[in-house]
Every structure is written in C-alpha cells, then in structure tokens.
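In what follows, a structure is listed as structure tokens, so that the remarks can point back to it.
The values are calculated or read from the model by the stated rules, or taken from the named source; none is laboratory data. A quick note: this is a predicted structure, and the numbers were derived from the prediction, not measured. Methodologically, a virtual Cβ is constructed for each residue, glycine included, from the backbone with ideal geometry; neighbour enumeration extends over all protein chains shown. Ligands, DNA and RNA are stripped out before the accessible areas are found, and what is left, the full protein with its side chains, is counted by its heavy atoms. Shrake-Rupley method; radii C 1.70, N 1.55, O 1.52, S 1.80 Å.
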Amino acid sequence: MTSTSRLPVLAGLPLAVGAGLAIPVQGRINGALGARLDDGIAAAVVSFSTGLLVMILISLLLPRGRAGLASIIPAVRSRAFPPVYVLAGGIGALFVFAQSFTIAILGVALFTVATVTGQTVSGLLVDRLGLGPAGKKPVTGIRIMGCVLTIAAVAWAVSPRFAGSDNAEGGPAALLVPLLLPLAAGFLMSFQQAMNGTATVHYGTPIAATLVNFVAGSLVLWAALGIKVAVAGPGNPLPGEWWYYLGGPMGCVFIGLGALLVRSLGVLVTGLGMIAGQLLGSLALDVALPAPGSVVAPATVLGTVLTLASIILATLPWPRGALRGRGR
C-alpha cells in the first residue's frame, strides 16, 4: 500500500474551504446548462462526462496519475479496502438527482438546509465509526455543539431565500417526502468522502480515487439518461458556449481535494470546511454575478460568519475535559 502524507489542520482546513468554493460555481453552471437543455439529467451527464475526460487526461499525463491508475485493479483484487468503495461515485450521482428533482419543489434554501443537516450528522457518525482513513474520532460535546451551530448558521444564512421560494402547495406536510431525498443525499456524502479517502490511501494518490468516482457516477447517470430518453425523448441540443462545460472540472477539484483531506482532517471537519466554502462562494456569486431570485441580506452575511465560527469551534484542540463526550 502506498500512503499519502498527512496535512496539518491549519493547512488542510483552508484547502477544504477552497474546495467548497467550487461547489456553488458548479451548481450555477449545471443549473444554467439544465435550463438550456431542458433536461436536468442530461446536464448531470455532461458534467460527469467532462469531469471523467479531465481525470482520464490527468491520469495518463502525470506520473502520479499513471502510478495511481496502475494500482487501482491490484488494490481492488487484493481487497485492500471493501470493493463497494469503488461505487462511491454513485453517491455523487444521487446528489445530482436530488438537485434535479427537488430544488424546483423545495427551493434552494430548503434543499441546502436538508443536505447540510444530513452531511453534518453523518460526519459525526462516520468519524465515530472510523470508516475514513483518519480513524475513529470521539463524539465530544464540542463537536456536537459545532455541528448544531453549523446547521443553525446555514439555515440563518439562507433564510432570506425562504420568502421568495415557491414551495409546493399543501403546506409543510407536502414538503416532507421531497425533503427526504436531499436529506439522504447529504447523509451519504460523508460516507462518499470516507470511501474516497480510504481508496486514496491505497491508490497512493487522490487522482485515481477521483477517476474511479467519475467512472461510477457517469455509468449511473448514463443509464438514467437512457431510461429518460426512452420514456420522454431527448432534450435540447448541446450549447456551443464553452463555459457550460466547466461543471465537470469543478467537480474534479472538490472531489479530489475531499479525498485527500479526510485522512488529515477527518470526515466531519472536511465536510464542515466545504460547507463554509460553499456559503462563501454562494455569497460571492450573489454579490458579483447575481442570479434571478438571489438575495444578499444581513442574515446571509452573518449566517456565513457564524458558520465559520462554528467550524473553528469544532476544529480547535480543546482540552479533553471541555464538554467531554462519551464517544469512546
């Protein structure tokens, strides 16, 4: 087994935040592509397929990429990690499905809160079980407090969008079932990061883990698109503007960095850092390139700041006696 070096928290956390910055940019691009194609699944297929092409080129051109490529089959055959880990990209496909089928019903605000809640809760669980390469991390009171504050801060940051959301008729009860899909997708994202991080350790590079991720996700989405086209027919033709095809490369950034960072930071802190980057990136986009319906209010800014404070709370090396949990 080839291992990757660990990064100190002070170096790794800013990288996690930086990786999160790519998520809203990808979402904006894929959303525009989905509207242009009139087909959310086709937009997801384009995003995953372009990301797959980028990862194939990187894997073939870079020495570390070629070494990682050569280690994939031996690592899977020797069961260096559970073989099901190669299917981690299917979780990314589920997340895209959740975007495609529920944002129109829930609105961006409810979708964001649901996915962040699922991801934050499962981050605690995955770290406690030791499924990631960082090993077991106890569920302490400080970490729980940081998670609760993060969920509250994200809800506060996106609260100005609730007033403008055209949610489903029938009141809150009608939103319960649509909420379950993004909640489940967010919950599984922490498992995806743990799986990719473990695979990275055995491949020796996040390049190989990211490539396998895009292969699995692309297969799932191409199968879904085939069913959709057979039932409802194709959408609009592909656009000619180059920027519509940047969503996949953006995915390469945050999937690859996530796979690298979970060994050093653990799944929970990596996820929290990406959530902070996601909010910061969304705020920057709404200020610099506002989309229809975007809102930048004091709650948006203050909620983003509180998210950063919550992550610091969950990350700092507090004394062992501070709000001690019984995770061990």
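Rounded to the nearest Hz, the phi-derived 3J(HN,Hα) couplings of segment 249-256 under the Karplus curve 6.51 cos²θ - 1.76 cosθ + 1.60 (θ = phi - 60°) are x, 4, x, 4, 5, 7, 6, x, where x marks glycine and proline. Rounded to 0.05, the FRET efficiency of the Arg64 and Trp222 pair, given R0 = 25 Å and the Cβ-Cβ distance, is 0.35. Sparse packing (at most 11 other Cβ atoms within 10 Å of the Cβ) combined with a DSSP loop state is found for the following trypsin sites (Lys or Arg not before Pro) in segment 68-140: Arg79. For segment 196-257, what does the alpha-carbon gyration tensor say about shape, rounded, prolate or oblate, given a ≥ b ≥ c as the root eigenvalues, a/c under 1.5 as rounded, and a/b over b/c as prolate? Here segment 196-257 falls in the oblate category. Once the chain from Val148 to Leu57 is taken as fully extended at 0.36 nm per residue, the excess over their C-alpha distance is 28.7 nm.
Compared with the alpha-carbon gap, the fully stretched path from Ala232 to Ala35 is longer by 69.3 nm at 0.36 nm per residue.
Entry note, segment 200-281: relative contact order of 41 percent, from Cα contacts under 8 Å with a spacing of 6+ residues.
Using a/c under 1.5 as the rounded threshold, could you call segment 34-92 rounded, prolate or oblate? The axes a ≥ b ≥ c are square roots of the C-alpha gyration tensor eigenvalues, and prolate needs a/b larger than b/c, oblate otherwise. It comes out oblate by the Cα gyration axes. Karplus-derived 3J(HN,Hα) values for segment 221-236, using 6.51 cos²θ - 1.76 cosθ + 1.60 with θ = phi - 60°, are 6, 5, 5, 5, 5, x, 5, 4, 5, 5, 8, 10, x, x, x, 6 Hz; glycine and proline are entered as x.
Calculate the FRET efficiency for Phe101 and Val301 from the Cβ-Cβ distance with a Förster distance of 30 Å, rounded to the nearest 0.05. Intermediate results must be reported in sequence, preceding the final value.
Working: r = 31 Å, r/R0 = 1.02.
Once the sixth-power term is evaluated, E becomes 0.45.
Once backbone amide H atoms are built at 1.01 Å from N, Gly130 has Lys137 as its partners under 5 Å, excluding neighbours fewer than 5 places away on the same chain. Under 1.5 on a/c is rounded, so check that first for segment 55-127, then, if it is not, pick prolate when a/b is larger than b/c and oblate when it is not; a ≥ b ≥ c are the square roots of the alpha carbon gyration tensor eigenvalues. The shape class here is prolate. When a 1.4 Å probe is rolled over the protein heavy atoms, the share of accessible surface on segment 239-298 that falls to carbon and sulfur comes to 74 percent.
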